[in-house]
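*Asks:* Please read through the structure below; I'll follow up with questions.
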Amino acid sequence: MPTDLAVAVFGLSAALSWGTADFAGGLASRRMSSLAVVLSSQVLGVAVAAFAAIARAEPVPALADVLWGFAAGAGGGVALVAFYRALAIGRVSTVAPIAGVLAAAVPIVAASIEEGLPTARQAAGIALALVAVVLVSVASEEDRLPAGESARRTSIALATIAGLGFGLFYVLIARVSDALVFWPLVASRAASITSVGVIALLVGTSFAGGRAVLPLILVAGTLDVGGNAGFLLGAQAGRLDIASILASLYPIVTVALAILVLRERVGPRHAIGMAAAGAAIVLIAGASG
């Protein structure tokens, strides 16, 4: 399989998994504390990642790989809390794309510094993908105030924090050895549980309502690990910025689910944004000819 095609397959698999996981986690956060949702999903994620590592017969990771995974997870867990909280109080079709654009921007800058600039066709695809995510984020005026102006501003601030945290996660987790995928994710989840657990204890998080949203937590925890694995395989197969921009199309999936399940409004800009995302994928996946 050509390198760019492999990156595209893995990156888009990550986007599909993350987009679905975030939709499930956001729904769960409307009926249960976002901290509790993240902590529960991360505990599940440790088990899923460990099982996958054993099934894949991955070698024992070096200390450096464990540390990279732990560093990535420490910030990633906090970012996920911010993201789920933003989804709980704001519109999915606004929050998810903001986080997606920022999450893509951080590794694009890092890859440009470390690996040099992408090809012209790849750069065009990256730019088009960013435009696509921005277009999908646009909602009508009446849709922008689901719970008041204060809630909208808070959700945007939280989405910004989440996006920067996700971008840092991309950069750090991509530094693990190419032979590894799931053991570093075990370390990442352990760090997430630690950081989120400390926050949960400090604020006295309640787990009330957990039984009612357990199916959503199972979906979120399992697919979040799947998305991480897809992204990491994509980054190992090719450029970090290409893998990250494709994986960061996950808001398209989240928004599509919001439209289908929650009946959120879809306008011309959403449709144009989704079409632009498709064109970006073609440009990036076929960049090597």
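*Asks:* Determine the relative contact order of the chain: mean sequence separation of Cα pairs under 8 Å and six or more apart, normalised by residue count, in whole percent.
*Replies:* Normalised by residue count, the contact order of the chain is 44 percent.
*Asks:* In the chain, carbon and sulfur make up what percent of the accessible area (probe 1.4 Å)? Numbers along the way, then the final one.
*Replies:* Values: 8280 of 11700 Å².
Carbon and sulfur together cover 71 percent of it.
*Asks:* Here are labelled values, (1) 28, 21, 18; (2) 27, 25, 15; (3) 41, 21, 15, and one is the computed semi-axes √(5λ) of the Cα gyration tensor in Å for what I pasted. Which one?
*Replies:* (2)
*Asks:* Work out how much length residue 272 to residue 55 would gain on full extension: take 0.36 nm times their residue separation and subtract the Cα-Cα distance, in nm to one decimal. Mind showing how you got there, number by number?
*Replies:* Numbers: separation 217, 0.36 × 217 = 78.12 nm, distance 4.16 nm.
Working it through step by step, the gained length comes to 74.0 nm.
*Asks:* Enumerate the calculated ³J(HN,Hα) couplings along the stretch 153-158 in order (Karplus 6.51 cos²θ - 1.76 cosθ + 1.60, θ = phi - 60°), each rounded to whole Hz, writing x wherever the residue is Gly or Pro.
*Replies:* The phi angles translate into 5, 5, 5, 5, 4, 5 Hz.
*Asks:* Tally Lys/Arg at +1 and Asp/Glu at -1 over every other residue whose Cβ is under 15 Å from the Cβ of residue 256; what's the total?
*Replies:* Net of charged neighbours comes to +2.
*Asks:* Shifting gears a bit: Which ³J(HN,Hα) values in Hz, rounded to whole numbers, follow from the phi angles of the stretch 230-243 under the Karplus curve 6.51 cos²θ - 1.76 cosθ + 1.60, where θ = phi - 60° and Gly and Pro get x?
*Replies:* The phi angles translate into x, 4, 5, 5, x, 5, 6, 7, x, 6, 4, 5, 5, 4 Hz.
*Asks:* From the square roots a ≥ b ≥ c of the eigenvalues of the alpha-carbon gyration tensor of the stretch 1-76, which class results: rounded (a/c under 1.5), prolate (a/b over b/c), or oblate?
*Replies:* Oblate shape, in that a/c is at least 1.5 and b/c is the bigger or equal ratio.
*Asks:* Report the net charge of residues surrounding residue 70, where surrounding means a beta-carbon distance below 15 angstrom and charges are Lys +1, Arg +1, Asp -1, Glu -1. The partial results should precede the final answer.
*Replies:* On the way: positive: 175, 189; negative: 65.
For residues surrounding residue 70, the net value is +1.
The values are calculated or read from the model by the stated rules, or taken from the named source; none is laboratory data. Just so it is clear, the model here is predicted, and its values are computed rather than measured. Note that each Cβ is placed from the backbone with ideal geometry, even for glycine, and that neighbours are counted across all protein chains shown. Remember, those area values only see protein heavy atoms, side chains included, never the ligands or the DNA or RNA. Shrake-Rupley method; radii C 1.70, N 1.55, O 1.52, S 1.80 Å.
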